Amino acid sequence: MTAPETAPREGDRIAKLLARAGIASRREVERMIADGRIKLNGEVVTTPATVLKGLKGVTVDEKPVKAAEATRLFLFHKPSGLLTAEHDPAGRPTIYTALRNALPDGAGRVMPIGRLDFNTEGLLLLTNDGELKRAMELPSTGLPRTYRARTYGEVTQDQLESLVEGIEVDGMRYGRIDANMERKTGRNQWIELTIREGKNREIRRVLEHLGLEVSRLMRTSYGPFELLNLGRGQAVEIRQVDVEKFRRTLLGEGTADAPISAPQQARARISRATPRRDSSAVPTGKPPAPRRGGPAKPGAKPGAANPRGPHKPGPRR
């Protein structure tokens, strides 16, 4: 006797729908369901496998859930000394303290895509779409994250290039790391590193394993999105058409090959506001010289990818 054909499922799991609506990530929604915080028509939802066509009748903490809004994506230049969290029991300042002034009116609730450590600065992406957040964070997606680290100690380019094979530190295996010496002065150097997994404190642990002291760490890009010269503590929204194009490519085909060019990001920045020329956006100390040799990034313009902020000429002599 042949098994009956399974009828196609109509709708999506409630965890996916709530994540898409920006309530939380799928994993966090599952925890909320386990805690009995989500109801459907007044009845507690007991399993994240519940399939729905929409969110009508769904409440979270007794509050009705609104239909999913259009996906929004913001680039935020996180300063050092902020926690990537909504609240901190120890009372430390969080990114949401700075975001009150950085985000435009009507931005709504946004969630960080990945995290930056308390003392790490640079590009932090924010979205209202939990499904997009989860997809961009998954190691299997393979989105590259590029950092610049100011370090002290002895290291060679050969040692850095050996990281392309991965490395194990204190029992933790880290995958491929593309590392390049940008500038070296005595025992001080700037190093550029690109990873694709984003494990907790990965960059710091690997560099410390090589015998280096990390005095500054900045993320300059995440996938196709770059920090460019966005001022410290400022945020900019990516154009809706570009966000939808990237989202469809990422979720539909499972690739990250949908770059948003620097000119497009610049236009998005200009359309909202002209960034302030803030001296706090320029790191202290002598900036590293541009990398010598090697091809430039496709479509890049001189100075377009400078994460150190706008250049200010000195006085004429």
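The values are calculated or read from the model by the stated rules, or taken from the named source; none is laboratory data. Everything numeric here is computed off the predicted structure, so don't read it as measured data. As a convention, Cβ positions derive from the backbone with ideal geometry for all residues, glycine included, and neighbour counts pool all protein chains shown.
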- [ ] Would you please name the residue that is modelled with the lowest pLDDT, looking only at residues in segment 16-40 that are assigned to a helix (DSSP H, G or I) and in contact with a helix residue (DSSP H, G or I) (Cβ under 6 Å, 6 or more places away or on another chain)?
- [x] Arg20
Task: Options Glu192, Glu161, Glu197; residue that is within 21 Å of Met218 (Cβ to Cβ) and at pLDDT 95 or above - done: Glu192
Task: The one condition in (1) surrounded by 18 or more Cβ atoms within 10 Å (Cβ to Cβ); (2) outside the structural domain of Arg196 (by TED's automatic domain parsing) that His87 fails to fulfil - done: (1)
- [ ] Report whether or not Arg31 is free of Cβ contacts under 8 Å to residues at least 24 places away in the same chain, of a type in the set (Lys, Arg) and under 26 Å from Leu126 (Cα atoms).
- [x] yes
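Residues are listed down the side, and each one gets a yes or a no for (1) surrounded by fewer than 12 Cβ atoms within 10 Å (Cβ to Cβ); (2) more than 20 Å from Asp12 (Cα to Cα); (3) among the small types (Gly, Ala, Ser):
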| position | (1), (2), (3) |
| --- | --- |
| Leu52 | no, no, no |
| Ala68 | no, no, yes |
| Leu83 | no, yes, no |
| Leu99 | no, yes, no |
| Asn119 | no, yes, no |
Open item on the list: So for segment 87-103 (the condition being modelled with pLDDT of 90 or more, aromatic (Phe, Trp, Tyr) and out of contact with any strand residue (DSSP E or B) (no Cβ under 8 Å at 6 or more places or on another chain)), does at least one residue qualify?
Closed with: yes
